[in-house]
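Enquirer: Dropping the structure in here first, questions after.
The values are calculated or read from the model by the stated rules, or taken from the named source; none is laboratory data. This is a predicted model, so every value here is computed, not measured. Please note: Cβ atoms are built from the backbone with ideal geometry, for glycine as well, and neighbour counts cover all protein chains shown.
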Amino acid sequence: MHQPGRHFLQLPGPSNTPLAVLAAIAMPTIDHRGPEFQKLGREVLARIRPVFGTANPVIIYPASGTGAWEAALVNTLKPGDEVLMYRTGWFATLWHKMATKLGLKAGIIESDWRTGAEASAIEARLREDKGHAIKAVCVVHNETSTGCVTDIAAVRRAIDAAGHPALLMADTISGLGSLEYKHDEWGVDVSIAGSQKGLMLPPGLSFNAVSDKALAVSKTGGSPRSYWDWAEMLASNATGFFPTTPATNMLQGLKVALDLLEAEGMSNVFARHDRAAEATRRAVRHWGLETVCTRPSDHSSVLTAVFVPEGHSADGLRKIILENFNMSLGSGLGMLADKVFRIGHLGDFHDLMVTGTLSGVEMGMAAAGIPHRAGGVTAAMHYLQGNRGPLLAAAE
Ligand SMILES: *Cc1c(COP(=O)(O)O)cnc(C)c1O
């Protein structure tokens, strides 16, 4: 059935794509071996580096984020190698499953899915590994199933404190472009990202930012690989081209997305996400509901995962909200299925989209008979009014 008005795509990815990006993607596909593409290729490959906070190459695949997970593992690790992962939630679980399928001996530190990864637990595990069998530590930066962030710099400090040579890999698929990220400064060896979250593009591109150490390891090691091979990509990228047909139109869109991020300024982008997240948490607190994330320092500015009260269905609530208010929210994943709904507040959005989203949740809860204290949206509005965004503040 047709629903009038704009759909509210308030998932924690895919996020809303700005019209300027959609327009760039809709332009005719250009010759990917011609001079116009070469200019585009050179430009986006150079301009994506500062978004990761790296001076090193960033490899771009026509694939969803999962492809870049696989690329990170197969370029640096071979079957039988040990890796240490951390079960921060559903996405960490999927990455662990993949590592196991690829023949890696993937150990995992368990958690209750309600905080980011504890660097101290990683350090303790690495100290036990006297023979340095563990080749990589793999953690999720922004765990999209729970709304908890892991302090990646702290994980690096833990690896160093243990005097351990393992590589550090970080999945920032839903963090990049929304949360501060510093590949070089934090000492990450492989950073993994995707297009459809903070970068405001549709799904279809994914990324590996690579350290010199990771590159060196890949040159002499890794698994048998072809499509995901960094070496072929980097050789071709050096001249602005790709070894196979790139996602030409998505790269046209990426260029415009980078324009938008640069025009706003990354620190303003991050502050905008922080405000939206704080406003959302104030609404949730006012409603008398509980967030999945229990530790204030780990709260994600990308999304908020919220428990419905015992005996109620989060999926039933999402269905009512979709049918009545034309808004999509994220579902609970894995063990949080039907217990949790996730509010995305990332990418291309402003205050009215935040309050509009929260209005949809509040009206949906009333319609679904979910007990809550009315007025969460007002609490969010009061916070937003008292904490002007940097653009409004500068204009005053
Ligand atoms: C979205 C997401 C993925 C999966 O990416 P796809 O693009 O669906 O393959 C992996 N990790 C995290 C943290 C994500 O948010």
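Enquirer: Within segment 25-39, identify whether any single residue is touching a strand residue (DSSP E or B) at 6+ places or on another chain (Cβ under 6 Å) and farther than 17 Å from GLY194 by Cβ, and answer yes or no. Full working, then the answer.
Expert: Of all residues in segment 25-39, those touching a strand residue (DSSP E or B) at 6+ places or on another chain (Cβ under 6 Å) come to none.
No, that holds for no residue.
Enquirer: Look through SER236, SER206 and report the one residue that is in contact with a Pro (Cβ under 6 Å, 6 or more places away or on another chain) and among the small types (Gly, Ala, Ser). Don't jump to the end; show me each part of the working.
Expert: Values: SER206 fails: in contact with a Pro (Cβ under 6 Å, 6 or more places away or on another chain).
Checking each option against the conditions leaves just SER236.
Enquirer: Moving on to the next point. Sort out which residues of segment 27-50 are in a loop (DSSP other than H, G, I, E, B), farther than 30 Å from THR280 by Cβ and in contact (Cβ under 8 Å) with a residue 60 or more places away in the chain, and write them in order of number.
Expert: At the first step, the residues of segment 27-50 found to be in a loop (DSSP other than H, G, I, E, B) are 27-34, 48.
Checking which are farther than 30 Å from THR280 by Cβ leaves us with 27-34.
Correct list: MET27, THR29, ILE30, HIS32, ARG33.
Enquirer: Please specify each residue of segment 85-98 satisfying the condition of being more than 10 Å from the ligand (Cβ to nearest atom) and buried (at least 23 other Cβ atoms within 10 Å of the Cβ).
Expert: Of everything in segment 85-98, those that are more than 10 Å from the ligand (Cβ to nearest atom) and buried (at least 23 other Cβ atoms within 10 Å of the Cβ) turn out to be MET85, TYR86.
Enquirer: What number of residues in segment 126-153 are out of contact with any Pro (no Cβ under 7 Å at 6 or more places or on another chain), crowded, with 18+ Cβ neighbours inside 10 Å and not in a strand (DSSP E or B)?
Expert: Final tally of qualifying residues: 8.
Enquirer: Shifting gears a bit: May I ask you to list the residues in segment 180-209 that are near the ligand (Cβ under 9 Å from one of its atoms) and in a strand (DSSP E or B)?
Expert: Those that are near the ligand (Cβ under 9 Å from one of its atoms) and in a strand (DSSP E or B): ILE192, GLY194, SER206.
Enquirer: Is one or more of the residues making up segment 7-18 free of Cβ contacts under 8 Å to residues at least 12 places away in the same chain, of a type in the set (A, V, I, L, M) and out of contact with any Leu (no Cβ under 8 Å at 6 or more places or on another chain)?
Expert: no
Enquirer: More than 16 Å from the ligand (Cβ to nearest atom) and farther than 30 Å from GLY240 by Cβ - does that describe any residue in segment 65-78?
Expert: Applying the first criterion (more than 16 Å from the ligand (Cβ to nearest atom)) to segment 65-78 yields 75-78.
If we keep only those that are farther than 30 Å from GLY240 by Cβ as well, we get 78.
Among the residues of segment 65-78, at least one is more than 16 Å from the ligand (Cβ to nearest atom) and farther than 30 Å from GLY240 by Cβ, which makes the answer yes.
Enquirer: Against the conditions (1) touching a Leu at 6+ places or on another chain (Cβ under 7 Å); (2) more than 10 Å from the ligand (Cβ to nearest atom), where does ASP160 fall short? Just the number, please.
Expert: All conditions are met except number (1).
Enquirer: Restrict the check to segment 229-248 and report whether at least one residue is at pLDDT 95 or above, among the β-branched types (Val, Ile, Thr), within 22 Å of TRP95 (Cβ to Cβ) and touching a Ser or Thr at 6+ places or on another chain (Cβ under 7 Å).
Expert: no
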